[in-house]
Amino acid sequence: MEILLLFLTGMSAMTTEGAIVSQTLIIGTILPYPTSQKPIVAVNYSFSGPLIEAYENDTLLIRVINKLAQSTTVHWHGIFQIGTSDMNGTTGATQCAIPPSGEMTYKFRAYPAGTAWYHGHHLDQYADRLIGVLIIRRQVEPNQEQYDTERILMVSDWYNDLAQTKLLSWYLSKYNTKGIEPIPDAIVVNGKFSRSLFVKTSGATRIRFSIINAASFSMYTVSIDGLPLHIIELDQTPVVPYTVSSFMINAAQRVSFYVNLNEFDQNFVPP
């Protein structure tokens, strides 16, 4: 069975607690599809960076190798960095940028647990696709009894123009007197261009979805036709489950919910 999610504009091996989780990220440029005229800032030469996964209180050792012609940094969005502020990845605030052909190893505690992510924090590399998912697991997940399987979806906006050379200059132009944000040319979900997405359930009836809005500007409304959404986590904070038919998610936010296919409304009529 497949279920359809709508987006409207508006595992690597598990470790035990206290383990060291190592990953290498190579930052370079690629053309994301054969007819693309826009090179993107890619992690490990993929449209979105690789999933990094650890348990809470593990130590993350992330080696970042810069193959760009410009400097770069990586910010670990949602990580508290208690005692490791120099690993936060913000250029000019917590570190000097990694120069071209240079590298840096980020070392920090995987805390707090929940759905986090990582992205570029130098110039406009984030808008040009330097993004990836970072999941910090709990030994016992709240509400785990409510779902049988999990899907992680990273949603972002796509601009045909490079952020640094065109989007930023347009946004900051004196002619943009109202500060209007640029309208994206497309929506990207897990590297696929679509405002809707079919997700295979592989026979499961209770599925958790972890949604990450990695957009530069866009807010999205998320819904599943005919199914209620049971919210269980907001920005890495577990919440008492509550039910909605749809929700809005702004840039950088994360929302996790589960659905039960047995709750499908047989009388649902698409709008």
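For residues in region 95-112 being surrounded by fewer than 22 Cβ atoms within 10 Å (Cβ to Cβ) and among the small types (Gly, Ala, Ser), which is nearest to Lys166 (Cα to Cα)?
Here the residue is Ala97.
I'd like to check something: does region 64-87 contain any residue that is part of a strand (DSSP E or B), over 22 Å from the mean Cα position of the chain (by Cα) and not acidic (Asp, Glu)?
Looking through region 64-87, none of the residues is part of a strand (DSSP E or B), over 22 Å from the mean Cα position of the chain (by Cα) and not acidic (Asp, Glu).
Which residues, taken from region 50-94, are surrounded by fewer than 20 Cβ atoms within 10 Å (Cβ to Cβ) and of a type in the set (S, T, N, Q)?
Passing the criteria: Asn57, Thr59, Gln70, Ser71, Gln81, Thr84, Ser85, Thr90, Thr91, Thr94.
Restrict the check to region 224-242 and report whether at least one residue is small (Gly, Ala, Ser) and under 20 Å from Ala42 (Cβ atoms).
For region 224-242, residues small (Gly, Ala, Ser) and under 20 Å from Ala42 (Cβ atoms): absent.
For region 98-115, check the following and say yes or no: at least one residue is in a loop (DSSP other than H, G, I, E, B) and under 24 Å from Gln37 (Cα atoms).
yes
In region 191-223, what count of residues is obtained for those that are of a type outside the set (D, E, K, R) and more than 26 Å from Val43 (Cα to Cα)?
9
State yes or no: is Tyr126 touching a Gly at 6+ places or on another chain (Cβ under 8 Å) and crowded, with 16+ Cβ neighbours inside 10 Å?
Spelling it out, Tyr126 is indeed touching a Gly at 6+ places or on another chain (Cβ under 8 Å) and crowded, with 16+ Cβ neighbours inside 10 Å.
Which residues, taken from region 168-185, are closer than 17 Å to Pro32 by Cβ and surrounded by 14 or more Cβ atoms within 10 Å (Cβ to Cβ)?
Of everything in region 168-185, just one residue is closer than 17 Å to Pro32 by Cβ and surrounded by 14 or more Cβ atoms within 10 Å (Cβ to Cβ), namely Pro184.
Sort out which residues of region 150-167 are surrounded by 17 or more Cβ atoms within 10 Å (Cβ to Cβ) and either assigned to a helix (DSSP H, G or I) or small (Gly, Ala, Ser) (or both), and write them in order of number.
Ser156, Ala163, Leu167
Quick note: the coordinates plus some simple rules give every number you see, no bench work behind them. Bear in mind the structure is a predicted one, so any value in this text is a computation, not a measurement. Note: ideal-geometry Cβ built from the backbone for every residue, glycine included; neighbour counts use all protein chains shown.
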